[in-house]
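Here the structure is laid out as structure tokens; the discussion comes afterwards.
The values are calculated or read from the model by the stated rules, or taken from the named source; none is laboratory data. Since the model is a prediction, treat every value here as computed from it, not as a measurement. Note that we place each Cβ from the backbone using ideal geometry, even for glycine, and neighbour counts take in every protein chain shown.
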Amino acid sequence: MYPRPEIVSEQEWRAARSELLRAEKDHTRAADALAARRRRLPMVRVHTEYTLHGPDGPVRLLDLFAGRRQLIVYVFMWHGPDHHCSGCSMFVDNIGHPAHLHARDTSIALVSRGPLHEILPFRERMGWTLPWYSALDSSFVDDMDAGDGFALNVFLRDGADVYRSYVTTARGVDRLGSTWSLLDLTPYGRQETWEDSPQGWPQEPPYAWWRLHDEYEDRPTP
């Protein structure tokens, strides 16, 4: 039998829970402050004309935005069809329905340094629908700090100009996976009025934009 937490009275449990709750609230406020700093992080323009490959042929990084102004790209570790990364797979399993990200003008895609004829059957096996592209003939994976592993990058588009705003890897990825935590990584955040964002950032009240994933209507990018 495994060890277990101490068993106490209801009163003692509530006192201990209240003490922990104060620490949890401090953690939430610290995370909010960190997200506010992230929304003010400067960006760097992407000058390289990367060519990636999808089911319909070659695409540019700009095409991955699908007309939206923000883009999250997860570089999925790829070491061949017989060595699927369980960690990357668990991360993708936990990504919410992309309609919620789309409602915040944000696209999400997967990229791997592997051939499409290996990638797409695995995507079908896993039951995933996120767009997945091959960077086999591109320096994209290395340039995005993934190396032989994985990384999550965020981009912002201004017309045809693409800017890299954020990257994280290792333990910076395993805490992610919900719509809200992914949006917290983007330049515009959740775009809700409670957030500490720079003047002029798009914002509206929380809850107001939330929908069932099949109830959203596409909004044109300004």
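When Asp145 is tested against (1) among the charged types (D, E, K, R); (2) outside any loop (DSSP other than H, G, I, E, B); (3) on the phi > 0 side of the Ramachandran plot, only condition (2) is not met.
Among the residues of the stretch 104-142, those that are among the basic types (Lys, Arg) and part of a helix (DSSP H, G or I) comprise Arg123, Arg125. Residue pairs whose Cβ atoms lie under 8 Å apart, sitting 6 or more positions apart in sequence or on different chains, and linking a residue in the stretch 4-29 that is over 21 Å from Arg175 (Cβ atoms) to a partner that is assigned to a helix (DSSP H, G or I), are Val8/Ala16.
On inspection, Thr186 passes the criterion of being of a type in the set (Val, Ile, Thr) and either at pLDDT 90 or above or in the same structural domain as Phe65 (by TED's automatic domain parsing) (or both).
Within the stretch 38-63, the set of residues being assigned to a helix (DSSP H, G or I) and closer than 17 Å to Asp143 by Cα comprises Leu61, Leu62. Restricting attention to the stretch 73-90, the residues being of a type in the set (A, V, I, L, M, F, W, C) and either touching a Leu at 6+ places or on another chain (Cβ under 6 Å) or not assigned by TED's automatic domain parsing to the domain that holds Ala109 (or both) number 1. Annotation for the stretch 191-211: at least one member residue is among the aliphatic types (A, V, I, L, M), out of contact with any Pro (no Cβ under 8 Å at 6 or more places or on another chain), over 28 Å from Phe76 (Cα atoms) and assigned to a loop (DSSP other than H, G, I, E, B).
With respect to the conditions (1) hydrophobic (A, V, I, L, M, F, W, C); (2) assigned to a strand (DSSP E or B); (3) within 27 Å of Ala30 (Cα to Cα), Leu182 falls short on a single one, namely (2). Within the stretch 150-193, the set of residues being among the small types (Gly, Ala, Ser) and in contact (Cβ under 8 Å) with a residue 24 or more places away in the chain comprises Ala151, Ala160, Ser165, Gly177, Ser178, Gly189.
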